[in-house]
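Report on one structure; see the data block that follows.
The values are calculated or read from the model by the stated rules, or taken from the named source; none is laboratory data. The structure presented is a predicted model; accordingly, all values stated were derived computationally and were not measured. Please note: Cβ atoms are built from the backbone with ideal geometry, for glycine as well, and neighbour counts cover all protein chains shown. Side chains included, ligands, DNA and RNA excluded: accessible areas come from the protein's heavy atoms. Shrake-Rupley method; radii C 1.70, N 1.55, O 1.52, S 1.80 Å.
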Amino acid sequence: MKDYNAIDILNAREARVYLIEELIEKYSLPIICLRINYPGEIKNNDLTSNISKVLREEVLNIFRDDILYENFKFTAEGPLLILVINDDAFMVKKKTIELEENHLLGRLGDIDVYDEKGNGISRKDLGYSSRKCFICSDMAQNCVRAQKHSIEEVIKFIEERYIKYLNKEAEKTHE
């Protein structure tokens with residue numbers, strides 16, 4: 001997989017924002033944007049690819065009857081799934097929060113939802129608390145801003161969570 005730098009990541013972020021704006025203009029419907037929460041500049045690797053595959057399948061399954069547009073690609077930001085959904089934006093966000101909170105890999109994904117006008121819908125808009133840090137119980141944004149945990153520590157957590165998921169899946173097939 002290609003190595004990217006910080007400028008590539010910023011350019012990919014701009015391209016993502018532009019695509020979402022284009023889709024809002026074309027469809028006037030809610031948008032889902034799924035990325036993987038992974039620190040550092042190397043966001044495309046086997047781990048992020050495998051996690052995104054699992055979460056992508058979950059999202060596609062949840063919204064299968066309402067998807068009008070699908071775009072999946074690997075970018076400098078890592079694996080990226082963008083969907084246009086024919087449903088109420090708040091219902092879409094509620095379902096994505098349920099996935100984030102109830103699936104073993106859910107917290108490893110960053111699932112943004114935009115309404116038909118392009119406004120991001122936050123967890124707080126639906127009465128949920130902000131996301132907690134993987135490592136400690138502080139708000140995730142506080143830890144990111146303060147660089148409270150090393151990249152290695154966060155990657156180790158992500159790797160362990162993925163291994164735990166694989167082990168649970170293996171248990172299911174042996175039942």
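Within the set Leu68, Leu83, the sole residue that is more than 29 Å from Ile135 (Cβ to Cβ) and crowded, with 19+ Cβ neighbours inside 10 Å turns out to be Leu83.
A single member of Leu99, Leu80 is under 16 Å from the mean Cα position of the chain (by Cα) and not in a helix (DSSP H, G or I), and it is Leu80.
Phe63 satisfies every condition listed in (1) buried (at least 16 other Cβ atoms within 10 Å of the Cβ); (2) within 27 Å of Val154 (Cβ to Cβ) except (2). Using beta carbons and a limit of 7 Å, which pairs, at least six apart or on different chains, have the first residue in the stretch 129-145 and farther than 15 Å from Asp110 by Cα and the second one exposed (fewer than 14 other Cβ atoms within 10 Å of the Cβ)? Partner pairs satisfying both residue conditions: Ile135/Glu153; Cys143/Cys136. When residues in the stretch 34-60 are screened for being in contact (Cβ under 8 Å) with a residue 60 or more places away in the chain and either touching a Leu at 6+ places or on another chain (Cβ under 7 Å) or open to solvent by 50 Å² or more (accessible area, probe 1.4 Å) (or both), 7 of them pass. All of Tyr18, Tyr4, Tyr69 fail the test of being modelled with pLDDT under 95 and among the aromatic types (Phe, Trp, Tyr), apart from Tyr4.
Could you count how many residues in the stretch 106-143 are in a strand (DSSP E or B) and either open to solvent by 60 Å² or more (accessible area, probe 1.4 Å) or touching a Phe, Trp or Tyr at 6+ places or on another chain (Cβ under 7 Å) (or both)?
Total meeting the criteria: 3.
If you go through the stretch 86-101 and keep only what is open to solvent by 30 Å² or more (accessible area, probe 1.4 Å) and at pLDDT 95 or above, you end up with Asn86, Asp87, Asp88, Phe90, Met91, Lys94, Lys95, Glu98. Does Lys164 fit the bill of being farther than 24 Å from Glu41 by Cβ, modelled with pLDDT of 95 or more and among the basic types (Lys, Arg)? Yes, satisfied.
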